[in-house]
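Each remark here refers to the structure printed beneath this line.
All of the numbers you see were taken from the coordinates with simple rules; none came from a lab. Keep in mind that this is a model prediction, so the values were computed, not measured. Cβ: placed from backbone, ideal geometry, glycine included. Neighbour counts: every protein chain shown.
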Amino acid sequence: MTPGMILLCLALLLCVWYQALDRQEREETEAREKACRAGPPRLPKEQEDAYWNRYYEHYKLNTSAFERHLPDLLRKCPGQYVALADGRIIGHGTNSFVLNREASSTHPDTFVLIERVVPRPIGSS
């Protein structure tokens, strides 16, 4: 076999290999797009209701804790963001996205509320 024939064989093998990779990538992309179009799987009605009821209870717990702590927070960290979980303050910072990421990673199975520490108008909640 001449060197030219060897190079030709290698080039042909590379083409076949790249085509196989391209086909696999297309199939994976199509599968991801199909899953995105389908949306997330739905829970049965009872489980979905229980989820939202639990979420609402945690939301009320965390917002009432925030309102209780607001006077102290306005003195200690005005203008910052505060993270609450299970009715407790679990962190604060100037960047809500970073705070949310940190709070969600340290409390993965808990509903985390992020609020900005600013004065509230009288009578608002």
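Of the residues in region 42-55, none is within 26 Å of the chain's Cα centre (by Cα), farther than 26 Å from Leu113 by Cα and of a type in the set (Lys, Arg). On inspection, Arg37 does not qualify as over 28 Å from the mean Cα position of the chain (by Cα) and not β-branched (Val, Ile, Thr).
Scanning region 78-125 for residues that are touching a helix residue (DSSP H, G or I) at 6+ places or on another chain (Cβ under 6 Å) and assigned to a loop (DSSP other than H, G, I, E, B) gives Gly87, Phe111, Val117. Filtered by the rule that a residue be free of Cβ contacts under 8 Å to residues at least 12 places away in the same chain and farther than 18 Å from Leu61 by Cα, region 77-115 gives Phe97, Val98, Arg101, Ser105. Can we say Leu61 is in contact with a Gly (Cβ under 6 Å, 6 or more places away or on another chain), assigned to a helix (DSSP H, G or I) and surrounded by 12 or more Cβ atoms within 10 Å (Cβ to Cβ)? Yes; evaluated as a whole, the condition is true for this residue.
Residues are listed down the side, and each one gets a yes or a no for (1) at positive phi; (2) touching an Asp or Glu at 6+ places or on another chain (Cβ under 8 Å):
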{"site": "Trp17", "(1), (2)": "no, no"}
{"site": "Leu21", "(1), (2)": "no, no"}
{"site": "Glu28", "(1), (2)": "no, no"}
{"site": "Glu48", "(1), (2)": "no, no"}
{"site": "His58", "(1), (2)": "no, yes"}
{"site": "Leu70", "(1), (2)": "no, no"}
{"site": "Lys76", "(1), (2)": "no, no"}
{"site": "Gly79", "(1), (2)": "yes, no"}
{"site": "Leu84", "(1), (2)": "no, yes"}
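Only one of the listed residues (Pro71, Pro108, Pro119) is within 17 Å of the chain's Cα centre (by Cα) and exposed (fewer than 11 other Cβ atoms within 10 Å of the Cβ). That residue is Pro108.
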